[in-house]
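Trainee: Input: one structure, supplied below.
The values are calculated or read from the model by the stated rules, or taken from the named source; none is laboratory data. If you're wondering where the values come from, they're calculated on a predicted model, not measured in any experiment. So basically every Cβ, Gly included, is an ideal-geometry build from the backbone, and we count neighbours across all protein chains shown. Side chains included, ligands, DNA and RNA excluded: accessible areas come from the protein's heavy atoms. Shrake-Rupley method; radii C 1.70, N 1.55, O 1.52, S 1.80 Å.
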Amino acid sequence: MRDLSFRITGVEPAVHGAAPLLHFGLEVTNTPADQPVQSVMLQAQIQLASNRRSYNDDEKARLVDLFGEPERWGQTLRTRLWTHANVIVPGFTRSTTVPLPVPCTYDLNVSATKYFYAMEDGDIPLLFLFSGTVFYAAEDGRVQAAPISWNAEAEFNMSVVVWKDMMERHYPDSAWLYLQRDVFERLYAFKRENGLTSWEEALTRLLPETEEVHV
């Protein structure tokens, strides 16, 4: 039987990714240390531990859409799912480190993206919950398979700057907004009828004048 433990060692954006992709450094340690592991089919559920950090006034205003008014955060500010990730860990004996790829979206209708976008600085507390199957050889040489312990998890604080810099590199000075088709058609008709050359012009015409927008 093999007992695995996990630790997140760091995170960085994929250098040549066509779409936003984070690589988390995942250290996997085996016990007993002298008994080899042939491979691991690993799944990770990644959660936003949003109740483990504080928020400034601007961040609170942006998070109303997710958690309601700050006066209610004692009941509503809870850990929530960000995403799932998978990786095949190749064979090792004592420990090994592999990249855990996590695709990201800039769709601001996705709650996790709203959360990341609302942050100005500091760290984002993450909780990784692991499951899957570990393969190893028994004393007679036959391959054995065993589930990963149900309580296998790791915590990691990811700098907000990592996510923001990655999105700025892929979508410079931009933001994504998903619209239902009927709303898009109305906006498209407004743009054509008014001879506007960009979506920014159309939205600017429709939005009321504001003194200042915090970004």
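Trainee: So what's the net charge close to residue 49: Lys and Arg +1, Asp and Glu -1, counting the other residues with Cβ under 14 Å from its Cβ? Intermediate values should be presented prior to the final figure.
Mentor: On the way: positive: 52, 53, 78, 80; negative: 123, 153, 155.
It works out to a net charge of +1.
Trainee: By its C-alpha gyration tensor, with a ≥ b ≥ c as the square roots of the eigenvalues, how is the stretch 1-126 shaped: rounded for a/c under 1.5, else prolate for a/b larger than b/c, else oblate? Show your work: numbers first, answer last.
Mentor: On the way: a/c = 2.95, a/b = 2.00, b/c = 1.48.
Prolate.
Trainee: Given a 1.4 Å probe and every protein chain left where it sits, what share in percent of the accessible area of the chain is carbon and sulfur? The partial results should precede the final answer.
Mentor: Working: 6540 of 13010 Å².
Summing carbon and sulfur atoms, their accessible area is 50 percent of the total for the chain.
Trainee: If you don't mind, there's one more thing I want to ask. Please check the chain for the longest run free of chymotrypsin sites (Phe, Trp or Tyr not before Pro) that are loop-located per DSSP (anything but H, G, I, E, B) and have at most 15 other Cβ atoms within 10 Å.
Mentor: My reading of the result: 1-149 is the longest stretch.
Trainee: Right, next: Trypsin sites (Lys or Arg not before Pro), restricted to the stretch 118-215: which are DSSP loop and have at most 16 other Cβ atoms within 10 Å?
Mentor: On the way: sites: 142, 164, 169, 181, 186, 191, 192, 205; in loops: 142.
Filter output for the stretch 118-215: 142.
Trainee: Would you work out which of 150, 184, 117 lies farthest towards the positive end of the dipole of the chain? Charges go on Cβ: Lys and Arg +1, Asp and Glu -1.
Mentor: 150
Trainee: If you don't mind, there's one more thing I want to ask. Less than 12 Å Cβ to Cβ from residue 78, Lys/Arg counted +1 and Asp/Glu -1: what total charge do the surrounding residues give?
Mentor: On the way: positive: 52, 72, 80; negative: none.
Around residue 78, the charge tally is +3.
Trainee: So how much slack lies between residue 188 and residue 137, counting 0.36 nm per residue of separation and subtracting their Cα-Cα distance, in nm?
Mentor: Values: separation 51, 0.36 × 51 = 18.36 nm, distance 6.18 nm.
Extending this stretch completely gives an extra 12.2 nm.
Trainee: Let me ask something else about it. In the stretch 133-193, which GluC sites (Glu not before Pro) are in a loop and have at most 12 other Cβ atoms within 10 Å, using DSSP for the loop call?
Mentor: Working: sites: 139, 153, 155, 168, 185, 193; in loops: 139.
Within the stretch 133-193, the qualifying GluC sites (Glu not before Pro) (loop, at most 12 other Cβ atoms within 10 Å) are 139.
Trainee: What is the Rg over Rh value, at two decimals, for the chain, using alpha-carbon atoms and the Kirkwood definition of Rh?
Mentor: On the way: Rg = 22.2 Å, Rh = 20.3 Å.
Using Cα coordinates only, the ratio equals 1.10.
Trainee: Going by alpha carbons, how many degrees (0 to 90, nearest 10) lie between the helix axis of 160-170 and the longest principal axis of the chain?
Mentor: For 160-170 against the chain, the angle is about 70 degrees.
Trainee: In addition: Output the 0 to 90 degree angle, nearest 10, between the alpha-carbon long axis of helix 181-193 and the longest principal axis computed from the alpha carbons of the chain.
Mentor: The two axes meet at around 40 degrees.
Trainee: Rg and Dmax of the stretch 117-192, Cα atoms, in Å?
Mentor: My reading of the Cα-based Rg and Dmax gives 23.1, 74 Å.
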